[in-house]
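Here is the structure we will look at, set down as structure tokens.
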Amino acid sequence: MKKQCILVTGGAGFIGSHTCIALHEAGYKVIIVDNFSNSHRDVLSRLNQILNTDIIFYEGDVRDQIFLAKIFKNHAIHAVIHFAGFKAVGESVKKPLDYYDNNILSMICLLRVMKEARVYILIFSSSATVYGDPKWLPIKEDSERYTTSPYGRSKLFIEHLLEDLYHAEPHWNIALLRYFNPVGAHDSGLIGELPNDVPNNLMPFVQQVAKGLQPYLSVFGNDYDTRDGTGIRDYIHVMDLAEGHVSALNYYQTNHGLLTVNLGTGQGTSVLDLVNTFEKINNCKVQYKIVERRSGDIAACWADVSFAERALAWRAKRDLAKMCEDAWRWECARTSLRV
Ligand code: NAD
Ligand code: UD1
């Protein structure tokens, strides 16, 4: 049988590159579009090395409709997974125009080109950030949505846009996947997260402390109403997240409509749980100091994953130890790969 072609925007990035592996392994043909605004070109050769094939790649901006339309003309695209966008909360507060421009315009341009090409299956990267500071835990998909940053608002706006589109044109098949906290790396050690500058997120910072690139981890507050006082999150291995995208695509082989799904593990992990597991599994030391809370942080956030299990027949398989092990392997490999 001919393989179905999946267009992956932002496929050279952290989650996109891992998803390309899962797609390839599931028998889909992958086409990547990326402008390398937050990734490195050599990810592609390492992806090819992992998959032992040459992935089709187009360099360009998703906001360029003429460029995009050519890709849809060249290939019989079955569905699109849209990762391309900016994602740093702090940066979005400083550069709101760049964030609204890139995130919202790229979505609109992509939808226009998909419509023209009559491609109606879209998987969109949303985020648990749309739940703001949740009133109830674990968080269900129908929880109240509000956001506090331009980044979060760009995600929430796109969710509304896609819901409006679906209601006006119900032949669309749209999955809004709300990711919790993706961490870890592919276990080849050839691809992983590449933070620009000093990382803001916990796991990449812990990796850098263990490597000696940062003197210590600042633990942002130990006076939250949580079991050890530090913030609790739902960390999910990036390969589990990647496989969640394959499940969403598979869902549309037999189903139709708008689907909103949490992709997490359903487990809450504190900052100190993560540090302790990282040290134990990797036999290394992560120095830390307790400091003030980070402004804008919430105490705790983890997913209710029962709907994902029911709708997608998907469940995260990799535990925190595996996330820490793979993250560390990638951090160590980066030196020899010079990335
Ligand atoms: P990433 O920055 O590693 O990947 C995004 C990729 O998109 C990069 O390769 C970048 O070069 C590319 N890109 C950006 N704008 C583009 C454009 N206009 N045209 C073409 N390419 C463009 O980010 P990621 O961590 O892989 O996240 C992927 C998606 O998932 C993003 O939309 C992000 O908002 C969302 N998300 C990420 C997280 C997370 O913690 N990583 C959590 C929730 C949601
Ligand atoms: C951040 C974003 C969120 C985004 C998510 C995944 C903010 C306010 N929120 O969330 O919108 O969806 O990343 O990309 O930026 N921590 C430390 N020290 C550090 C770093 C983090 O103690 O150096 C703590 C935080 O206080 C938090 C936990 O570790 O309790 C996780 O932090 P982080 O990885 O930044 O993720 P989120 O806060 O969930």
Scanning the range 18-49 for residues that are crowded, with 18+ Cβ neighbours inside 10 Å, more than 19 Å from the chain's Cα centre (by Cα) and not hydroxyl-bearing (Ser, Thr, Tyr), the one nearest to ligand 1 (Cβ to nearest atom) turns out to be 46
Select, from 295, 336, the only residue that is out of contact with any Lys or Arg (no Cβ under 7 Å at 6 or more places or on another chain), free of Cβ contacts under 8 Å to residues at least 40 places away in the same chain, closer than 23 Å to residue 89 by Cα and of a type in the set (Ser, Thr, Tyr).
-> 295
Which ones in the range 299-318 are assigned to a loop (DSSP other than H, G, I, E, B), surrounded by fewer than 17 Cβ atoms within 10 Å (Cβ to Cβ) and either in contact with a Gly (Cβ under 9 Å, 6 or more places away or on another chain) or not basic (Lys, Arg) (or both)?
-> 313, 315
Among the helices (runs of 4 or more DSSP H) confined wholly to the range 75-194, which include 1 or more residues that are more than 17 Å from residue 259 (Cα to Cα), in contact (Cβ under 8 Å) with a residue 60 or more places away in the chain and not charged (D, E, K, R)?
-> 89-94, 106-117, 150-168
Applying the selection to the range 96-121, what residues are in contact with a Phe, Trp or Tyr (Cβ under 8 Å, 6 or more places away or on another chain) and away from ligand 1 (no atom under 13 Å from the Cβ)?
-> 114, 116, 117, 119, 120, 121
Single match in 295, 270 (criterion: loosely packed, with under 15 Cβ neighbours inside 10 Å and either near ligand 2 (Cβ under 9 Å from one of its atoms) or hydrophobic (A, V, I, L, M, F, W, C) (or both)) = 295
Selection from the range 74-94 of residues that are surrounded by 16 or more Cβ atoms within 10 Å (Cβ to Cβ) and within 16 Å of ligand 2 (Cβ to nearest atom) = 83, 84, 85, 86, 87, 88, 89, 91, 92
Quick one: in the range 146-196, which of the residues that are over 18 Å from the mean Cα position of the chain (by Cα) and within 13 Å of ligand 2 (Cβ to nearest atom) is modelled with the lowest pLDDT?
-> 148
Taking the range 167-183 as the search range and keeping residues that are more than 8 Å from ligand 1 (Cβ to nearest atom) and of a type outside the set (A, V, I, L, M), which one is nearest to residue 254 (Cα to Cα)?
-> 173
Would you check which residues across the range 94-122 are of a type in the set (A, V, I, L, M) and closer than 21 Å to residue 178 by Cα and list them?
-> 104, 105, 107, 108, 110, 111, 121, 122
Any hit, the range 49-70, residues being among the hydroxyl-bearing types (Ser, Thr, Tyr), away from ligand 2 (no atom under 16 Å from the Cβ) and closer than 20 Å to residue 193 by Cα = no
Taking the range 214-259 as the search range and keeping residues that are part of a strand (DSSP E or B) and under 26 Å from residue 140 (Cβ atoms), which one is farthest from ligand 1 (Cβ to nearest atom)?
-> 258
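For the range 300-317, which residues satisfy the criterion of being within 16 Å of ligand 1 (Cβ to nearest atom) and under 20 Å from residue 17 (Cα atoms)?
The answer is 316, and nothing else.
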Does the range 248-266 contain at least one residue that is more than 19 Å from the chain's Cα centre (by Cα), of a type in the set (Val, Ile, Thr) and more than 30 Å from residue 149 (Cα to Cα)?
-> yes
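The values are calculated or read from the model by the stated rules, or taken from the named source; none is laboratory data. The structure displayed is predicted, hence computed values, not measured ones. When we count neighbours, we look across all protein chains shown, and the Cβ atoms used for this are built from the backbone with ideal geometry, even at glycine.
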